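The values are calculated or read from the model by the stated rules, or taken from the named source; none is laboratory data. Predicted, not measured: the structure shown is a model, and the values here were computed from it. Don't worry about glycine lacking a Cβ; one is built from the backbone with ideal geometry, like all the others, and counts go over all protein chains shown.
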Amino acid sequence: MLRIVNTKGLWCQDEIAFSSLIFSSITAKKNNPFIKESCFMFEKLKDYFDLHLQPDAQGKDIFFFALNVLIPALMGLHLLVNPLPLNSVNEVCYYLSCAALITLLLFKKTHFTLRTPLTIGFSLFFVWAVLGLFTTLDFSNTLHDLRGYLLEYLVIFYLLVNFYNARNRLEFLSDLIIASAMVFSIGGLIIFYGIEGNPVSIRFGMTFSKMFTGFMCFTTIFAGTLSLRGVYKPGSKTRQAIYFFCFLVLTMVTMLNQSRGTIISLCVALLIMCFHRKKNIILIIVAGLMIALTPGFIDRISSIGFTQDIRSKMFRLSWEVIKDRPIAGVGYGGEIYRNPNLVDLEKYNAALPEKYQQKEGITNSTHNTYLDVAIRMGLVGLGLYFFILVTATWVLWDIFRRQKEEYFRSWSICLLACLASLMILLFFADALYGAQGIILYINLAMIGILWNLARQCRSHA
């Protein structure tokens, strides 16, 4: 029987002999596509064993190898159910991944690095948020959000960067995001229009309590852009057709949301994709027609003046709070701004010119991530947040400029389109928590993975 591991951490003589017999038999049929693919996967599996299974006592190598496999599997499940109201599954996947990682680090059984182009920005942002504990208006809520959102999202970022650090794993990660968005979108359509019986003219998802309509589009636009890249990815026509179908479904769901911010975000993503693929202009025209024909969209456009008036009042109110605490902010806790005992929005609202005052109840949300960051962490925190986003943008442009291989050029443009669309969505929604927050960190993690792959490619060259 073939043994995978021995005390030397290498394949012993009988294993070598057996594997040689296998390879000699399959190379005789190398023209068989199935045999060729099997041989390739066999070689990759052996390389993975040799990389992760180090010399150790009997039985322990398999355990550590299992942990190295378990982490990407758990994170994959976490991302798959991210947009769904399955918080318990997310929490279990996250904490089990952390436990497995700590075990591997203690026994030095994995290759884990914090080296990414975003690490400096993340470090400064995190340290400044932690320092806010000394000046926050609510210590417990700030500590909760630091641990439950910011720290957790950073851990997810580094888990993805380290355990999806290969070309095939990056592709698999992309497919996971698309599959997750498709499950969410198709399931949502069935529930909203089929089971609940809502007319098509009503904004999709208005009755969903676990996922606000504006947050849905973080998932659909991100996954839709990834699926558009898949349309032109080398492979079978069937696979390309599946990617195109996913793109159409995700675009349709985005349109049915009837959010002007998301429409702008989608169009920007498609325009950037055209920078590399001129054929995408056809898809822009199709998307434009879908927008114009979406029931209820014209009515939404006609109400833009009213909506912008509301948003301008919300933004002015947020700015008043920022001016009161411009350096450190009120603390990273998301509930501080909503607590009238800590932040008296009535007082700030009364101080505004009358035309900017909210007369029929004050909205205790910024509906803008950049303002949310400034309120929580001051203008210094906002500057660090911009530093992270600008660094990510520069990294993608640098990869596109320096790498001539189609793989890197297509990925850099695709992730740039995703990032640009998310940066626009940040103007219209709070994204420091929840499924939409995780989507942003996934995008940044994929940028970190691509950067590492490009660096490895240059070093080998």
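At pLDDT below 95 and out of contact with any Leu (no Cβ under 8 Å at 6 or more places or on another chain), is that true of Ile156? So Ile156 fails the test. Scanning the stretch 420-437 for residues that are surrounded by fewer than 24 Cβ atoms within 10 Å (Cβ to Cβ), assigned to a helix (DSSP H, G or I) and modelled with pLDDT of 90 or more yields Ala420, Met423, Ile424, Gly437. Residue check: is Asn349 farther than 24 Å from Thr254 by Cα, among the polar types (S, T, N, Q) and at pLDDT 90 or above? Taking the combined requirement at face value, the residue does not satisfy it. Taken over the stretch 312-324, the criterion of being basic (Lys, Arg) and either more than 15 Å from Ala351 (Cβ to Cβ) or touching a Lys or Arg at 6+ places or on another chain (Cβ under 9 Å) (or both) is satisfied by Lys313 alone.
Among the residues of the stretch 118-147, those that are surrounded by fewer than 19 Cβ atoms within 10 Å (Cβ to Cβ) and either within 14 Å of the chain's Cα centre (by Cα) or part of a loop (DSSP other than H, G, I, E, B) (or both) comprise Thr135, Leu137.
Results for (1) outside any helix (DSSP H, G or I); (2) assigned by TED's automatic domain parsing to the domain that holds Val373; (3) within 30 Å of Gln456 (Cβ to Cβ); (4) of a type outside the set (Gly, Ala, Ser), shown as yes or no for each residue.
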{"residue": "Tyr149", "(1), (2), (3), (4)": "no, yes, no, yes"}
{"residue": "Leu170", "(1), (2), (3), (4)": "no, yes, yes, yes"}
{"residue": "Ser174", "(1), (2), (3), (4)": "no, yes, yes, no"}
{"residue": "Ile178", "(1), (2), (3), (4)": "no, yes, yes, yes"}
{"residue": "Met182", "(1), (2), (3), (4)": "no, yes, no, yes"}
{"residue": "Ile202", "(1), (2), (3), (4)": "yes, yes, no, yes"}
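The residue that is farthest from Leu270 (Cα to Cα), among those in the stretch 225-241 that are hydrophobic (A, V, I, L, M, F, W, C) and surrounded by 16 or more Cβ atoms within 10 Å (Cβ to Cβ), is Val231. Only one of the numbered conditions (1) assigned to a helix (DSSP H, G or I); (2) in contact (Cβ under 8 Å) with a residue 24 or more places away in the chain is violated by Arg455, and that is (2). If only residues of the stretch 255-297 that are in a loop (DSSP other than H, G, I, E, B) and within 22 Å of Phe204 (Cα to Cα) are counted, the one that is modelled with the highest pLDDT is Asn257. May I ask you to verify whether Ala99 is outside the structural domain of Tyr385 (by TED's automatic domain parsing) and of a type outside the set (Asp, Glu)? It is true that Ala99 is outside the structural domain of Tyr385 (by TED's automatic domain parsing) and of a type outside the set (Asp, Glu). Any residue in the stretch 403-419 that is in a helix (DSSP H, G or I) and either free of Cβ contacts under 8 Å to residues at least 12 places away in the same chain or not assigned by TED's automatic domain parsing to the domain that holds Asn162 (or both)? Yes, the stretch 403-419 contains a residue that is in a helix (DSSP H, G or I) and either free of Cβ contacts under 8 Å to residues at least 12 places away in the same chain or not assigned by TED's automatic domain parsing to the domain that holds Asn162 (or both). Of everything in the stretch 67-88 that is modelled with pLDDT under 90 and assigned to a helix (DSSP H, G or I), the residue that is surrounded by the most Cβ atoms within 10 Å (Cβ to Cβ) is Asn87. Can you tell me which residue within the stretch 97-109, out of those that are crowded, with 17+ Cβ neighbours inside 10 Å and within 21 Å of the chain's Cα centre (by Cα), is farthest from His78 (Cα to Cα)? Ranking the qualifying residues of the stretch 97-109, first place goes to Leu101. Within the set Tyr348, Tyr332, the sole residue that is surrounded by 14 or more Cβ atoms within 10 Å (Cβ to Cβ), in contact with a Lys or Arg (Cβ under 6 Å, 6 or more places away or on another chain) and outside the structural domain of Ile449 (by TED's automatic domain parsing) turns out to be Tyr332. The residues on offer are Phe400, Phe387, and the sole one that is crowded, with 17+ Cβ neighbours inside 10 Å and more than 17 Å from the chain's Cα centre (by Cα) is Phe400.
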